[in-house]
Every structure is written in C-alpha cells, then in structure tokens.
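I have placed the structure first, in the form of structure tokens, so that the comments after it can refer back to it.
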Amino acid sequence: MAITKIDAKSALIAVDMQKGILPMAAPADVERIVAKTIELANTFHELGLPVVWVRALGLPGGRVESRPPVGEPQADFAELHNDLPFEEGDLDISKKGTNAFLSQKLHALLQERGITNVIVAGIALGVAVESTVRAGFDAGYSMTVATDATTDPMPGRAQAVLKFTLPMFSESGTTAEILTALRNAQA
C-alpha cells in the first residue's frame, strides 16, 4: 500500500542494523539500506523525533525447521554498523526474538511521546522487520515500511512479504516519499 499519510508524532525503528546480521545480505543491499537508514535517522534527529536502534542478541530456543546461518556470533555481533548516526537520547533496544515490541521499554517510550506512527527500516524484511510491523500494528500504531531501507537475504521472501503480507499491516514507501510526507506533517 502506498503512503497516504505520515503522522507528525512519528518514530523511526531501525531493526538489526548490526555487524553480525548485515553480512547476511548482499553487499550492495547493505550499502543501500545503511545509506537510507542514515538519511531517515538524520531527519528524525533534525526534527526532534525518536530514533530507536534495535539489536538482536539471538533467537528463542523453540524448535524450528530453519534457522538463519549466523554461526558462532563474533564479539562485535550486536554492534551497530559504524556509519549509523546513533545519538544521545536515541533508544537502544536489545531483543532475543524477532520483534522490537518484545521490549516494554519501547512501547512505554512511544506512548510517553504520543507516537502514533512508526517507520521501520532494517533487515531481514521477512523476519525481524515483518514481525516488528505486525507487533506494532497489533499495539495500535500506524506502521510504515521504508522499502528502500530494508532488505532480506532471501529475495523471494522479500518480494512475497512486500506484496502479500505487509499491506495488511502497514503502508510502505521509499525514504524520499516518507521524508516528504513527514516534513509536510511537521509544517
């Protein structure tokens, strides 16, 4: 679904933009999503809107048929990509699961600031991004996915999620479309 509106009270959630997960995607995709996430975060900072950095620390232990091929996590696994503009006052969330809303701290911060719209960027579109969007929708937020600031190591999964799943839980658009709508909402 295309963007119909971005609320003035919006927050950015950047999901799993970390050294241990980004290498799962193609280098060109990583370069693109890092650049677009920087653009989003810088604008949110400029407008005084919340930026949330979500880091994966692992997955729950339940049985599944397929797990991501992460191997043994290196020491810097949870560190954000070096170029991302983390600033004092940004919310730093760690999760052991797929969605950012597992953190009560996240929901409390958004509620405290009157946030009604959440923009999501990150990796993997068909896992952590999708589950964060679903959980945010279930929590009552208008969700928006920055399509050019997301990627998935499985292109077929990404296409299916964008076409079939996300339109039921969010709107989506490019970083440029989102930032134009956000600036218009701030005027």
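Annotations for the structure displayed:
- Within the range 79-104, tally of residues that are at pLDDT 90 or above and not in a strand (DSSP E or B): 14
- Selected residue (only one of 147, 175 is surrounded by fewer than 23 Cβ atoms within 10 Å (Cβ to Cβ), at pLDDT 90 or above and touching a Ser or Thr at 6+ places or on another chain (Cβ under 6 Å)): 147
- Residues of the range 23-50 satisfying the condition of being more than 20 Å from residue 87 (Cβ to Cβ) and surrounded by 20 or more Cβ atoms within 10 Å (Cβ to Cβ): 25
- A Cβ distance below 9 Å, combined with a sequence gap of six or more or placement on separate chains, defines the contacts here; from the range 157-173, residues that are in a helix (DSSP H, G or I) reach residues that are of a type in the set (Phe, Trp, Tyr) and at pLDDT 90 or above in the pairs 168/137.
- When the criteria are applied in full, residue 185 meets the requirement of being over 26 Å from residue 23 (Cα atoms), touching a residue at least 40 places away in the same chain (Cβ under 8 Å), surrounded by fewer than 21 Cβ atoms within 10 Å (Cβ to Cβ) and out of contact with any strand residue (DSSP E or B) (no Cβ under 6 Å at 6 or more places or on another chain).
The values are calculated or read from the model by the stated rules, or taken from the named source; none is laboratory data. The shown structure was predicted, so the numbers you read here are calculated from the model rather than taken from an experiment. Here the Cβ is made from the backbone with ideal geometry for all residues, glycine too, and neighbour counts use every protein chain on show.
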